[in-house]
1. What is the Å³ per residue value for the convex hull set by the Cα atoms of the chain?
2. Suppose a student asked you for the relative contact order of the chain, using Cα pairs under 8 Å spaced at least 6 residues apart; what percent would you report?
3. For LYS143, which lysines qualify as cross-link partners when the Cα separation must be under 20 Å and same-chain residues fewer than eight apart are set aside?
4. How much length is gained if the chain between GLU13 and SER211 is pulled fully straight, taking 0.36 nm per residue apart and subtracting their Cα-Cα distance, in nm to one decimal?
5. For the chain, find the longest principal axis of its Cα atoms and tell me its angle to the long axis of helix 199-211, 0 to 90°, nearest 10.
6. Please compute the modelled spin-label separation between GLN87 and GLU28, points set 7 Å along Cα→Cβ, answer in nm with one decimal.
7. Could you tally the net charge around PRO88, taking each other residue with its Cβ under 12 Å from the Cβ of PRO88, Lys/Arg +1 and Asp/Glu -1?
8. Helix 71-80 sits at what angle to the longest principal axis of the chain, using alpha carbons and giving 0 to 90 degrees rounded to 10?
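Values quoted throughout were computed directly from the atomic coordinates according to the rules given, and no laboratory measurement underlies them. All values reported here derive from a predicted model rather than from experimental measurement. Cβ placement follows ideal geometry from the backbone for every residue including glycine, while neighbour counts extend to all protein chains displayed.
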Amino acid sequence: MLTLALSKGRIFEETLPLLKAAGIEVDEDPERSRKLIFATSRPDVRVVLVRATDVPTYVQHGGADIGVAGKDVLLEHMASSSGGLYQPLDLRIGQCRMSVAVRDDFDYAAAVKQGSRIRVATKFTHTARQHFAEKGVHVDLIKLYGSMELAPLTGLADAIVDLVSTGSTLKANHLIEVEKVMDISSRLVVNQAALKLKREPIRALIDAISSAIPNAIAS
């Protein structure tokens, strides 16, 4: 039995066509069910639904053999864990960017140039710390888990580091994007022990998904 860890929402919806190409279809719509474990059209594959941030943990520690997680989540996970994850594919789904944003009346360029110490709110503390360190910018990081746009509006922070897709949420809250940290997409992750014990079915699944990705990139 192969166990695949997914999270609800955009990543789940965009993963479905890739799984279908591999002959795997989930037997129920998770949005209409309270179940967390789902059978599929293949008796040897099941899907478990977990929080997006928990996908790497489930895969690394054997709660799942395979999972789909965003690059943002993986970078934060790898900063606090070691080993246990193999990332064979960039799935080219869940695409967005991680950016620095500030109030539209905040002079970010001047603050950075003057060597000011700025307060940055984010849930991506490891990635943000590394980004600003490479730029030589002094920051105080404030860990938040949601409603990031509120931080600059209430004076909690000067800037935020968050995921941006269309930018409409920033605009609605009078924030502007001032710097792109990196492009983000979702990756297929595999438990390294499972890859040894279940090599043939996992390799077959990776190959089937890879062939379904436009401009697929294997690492």
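1. Details: hull volume 28.3 nm³, N = 219.
In the chain, the Cα hull volume divided by residue count equals 129 Å³.
2. Numbers: 424 pairs, mean separation 61.5, N = 219.
Relative contact order here is 28 percent.
3. Filter leaves LYS71, LYS123, LYS180.
4. 69.4 nm
5. Helix 199-211 sits at roughly 60 degrees to that axis.
6. Each label point is offset 7 Å from its Cα along the Cβ direction, giving 3.3 nm.
7. Here the count lands on 0.
8. That works out to roughly 80 degrees.
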